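Everything on this sheet refers to the single structure shown next.
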Amino acid sequence: MKSVRVHEHGGPEVLRLQDEPEPSAGHGEVLLRVRACALNHLDLWVRRGMPGVRLPLPLVPGSDIAGQVEAVGPGVSGVRAGQRVLLAPGLSCRSCPQCNAGQDNCCPQYKIQGFGLDGGYREFMAVPEYAVIPIPDHLDFEQAAAAPLVFLTAWRMLLTLARLQPGETVLVLAAGSGVGMAAVQIARLLRCRVIATAGGEAKLEKARELGADDVIDHYRQDIAAEVRRLTDKRGADVVFEHVGASTWNASLASLAPKGRLVTCGATTGPEVKLDLRFLFVRQQSILGSFMGTLGELHQVLRLIFDGTLRPVVDAVFSLSEAAQAHQRLEQKEQFGKVVLRV
């Protein structure tokens, strides 16, 4: 079979298309014929390397995966050959206290497909049955692959952690990203007022089409000043932050008294400053979020499967064009998800 592996960290040129043996399904496993794999910013970190993190190279990237069941191993009863499915992006031990409590994303052995183990930039892969989720016929493989990680992340951030309430004001940073695209829709679903940032008029218009009430060009406008203007100086009840150092100060300055800032990423850098006086005087909260539970994934997928929420596919590349796909994501040209068709 064909796969794309990272043998050493570097630019898009280190994504190596190669031949390797086709895997087989072991006990409790499903052999998946991968049809589509969506990119995340995590794929760029896997390729570039992350300071202080050692990855098991050579590694196949790709966390958001959809395809068709090719075969099932012994002990599998919940899925059958030929079914169209997507995969949960995170895998856990299924037996520790955290997993037993339904907090599998806190499992000490939790791994993300394409990060701690081989992911979806390949034609076939063997996965545990519990990670396999059937998809409806109306959802194509590219849309299915564009859904799991970003909608799971946004769902946990806004509902589980920030406890978003109907009628609140939400600031979504970088609405053109995969997780930003998901956050705008989820906040809108809760009848919240959504203020979204994006770069350039084309992306701002797409954010409006997704449901943003107000938009801010984060390249040309002062985010915090615009949020204060749009909210009569009050600020946003919830700030959906995933950009990191370059937007951190603006995100904090945009937060209303008793507001909640929830963050899941640091794409522009992990080190930020914080004036504790403002935090406690204004009684604000800063919440860190990492992925989400399998239960939360099933919750948000129901809304995708019935059409309430919609994965946005920006562009589709072939497996052999993985480098070009990385370049599009790296240059921030996309709105929504970049997908590899396998």
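Convex hull volume per residue, computed on the Cα atoms of the stretch 200-242, equals 85 Å³. Accessible area per residue was computed with a 1.4 Å probe on protein heavy atoms; Val281 scores about 100 Å². Values (i) 14.6; (ii) 18.4; (iii) 16.8 are given for comparison; mean projected area of the Cα convex hull in nm², derived from the coordinates here, is the one labelled (iii).
Across the options Ala315, Gly244, Val281, the greatest Cα extent toward the positive end of the charge dipole of the stretch 237-342 (unit charges at beta carbon of Lys, Arg, Asp, Glu) belongs to Val281.
Roughly how many percent of the accessible protein surface of the stretch 153-214 is carbon and sulfur, given a 1.4 Å probe and a whole-percent answer?
Whole-percent figure for carbon plus sulfur exposure: 46.
Just the protein heavy atoms count here, and of the accessible area of the stretch 256-331 at 1.4 Å, carbon and sulfur take up 53 percent.
Placing +1 on the Cβ of every Lys and Arg and -1 on the Cβ of every Asp and Glu, with no other charges, gives the chain a dipole of roughly 860 debye about its Cα centre. Determine the share of the stretch 1-107's accessible area contributed by carbon and sulfur atoms, expressed in whole percent, with a 1.4 angstrom probe. The C+S portion of the solvent-accessible surface of the stretch 1-107 is 49 percent.
About its Cα centre, the stretch 191-326 has a charge dipole of approximately 600 debye under the convention of +1 per Lys or Arg Cβ and -1 per Asp or Glu Cβ, with nothing else charged. Largest accessible area first, the residues Leu57, Leu171, Leu15 order themselves as Leu57, Leu15, Leu171 under a 1.4 Å probe with ligands, DNA and RNA left out. Lysine pair count for the chain (Cα-Cα distance under 17 Å; residues 8 or more apart in sequence or on different chains): 5.
A simple charge model with +1 on the Cβ of Lys and Arg, -1 on the Cβ of Asp and Glu and nothing else charged puts the dipole of the stretch 10-66 at about 200 debye relative to its Cα centre.
Sorted on the mean count of surrounding Cβ atoms within 10 Å across their residues, most packed first, peptides 23-30, 153-160, 134-141 read 153-160, 23-30, 134-141.
Residues in the chain average 42 Å² of solvent-accessible surface per residue, probe 1.4 Å, ligands and nucleic acids excluded. Remark: spin-label model distance His298-His7 equals 4.2 nm, labels positioned 7 Å along the Cα→Cβ axis. A dipole drawn for the chain from +1 and -1 charges on Cβ atoms has a positive end, and of Thr268, Gly235, Cys93 the residue lying farthest that way is Gly235.
Could you tell me which of Leu158, Gly114, Ala126 has its Cα farthest along the dipole of the stretch 91-227 towards the positive end, charges placed at Cβ (Lys, Arg +1; Asp, Glu -1), taken about the Cα centre? Result: Leu158, furthest along the dipole toward the positive end. Taking all protein chains as they are arranged and a probe of 1.4 Å, the heavy atoms of Ser177 leave approximately 30 Å² accessible to solvent. Under conditions of 4 °C and 1.567 mPa s, the stretch 103-229 yields 78 µm² s⁻¹ as its translational diffusion coefficient, taking Rh as the Kirkwood radius over Cα pairs in the Stokes-Einstein equation.
Hey, what number do you get for the chain at 222 nm if only DSSP H runs of n ≥ 4 count, each worth -39500 (n - 2.57), divided across all residues, to the nearest 500?
Mean residue ellipticity at 222 nm (helix-derived): -7000 deg cm²/dmol.
The values are calculated or read from the model by the stated rules, or taken from the named source; none is laboratory data. Source: prediction; values computed, not measured. A quick note on method: Cβ atoms are made from the backbone with ideal geometry, for glycine too, and the neighbour counts reach across all protein chains shown. Surface areas here come from the heavy atoms of the whole protein model, side chains and all, with no ligands, DNA or RNA. Shrake-Rupley method; radii C 1.70, N 1.55, O 1.52, S 1.80 Å.
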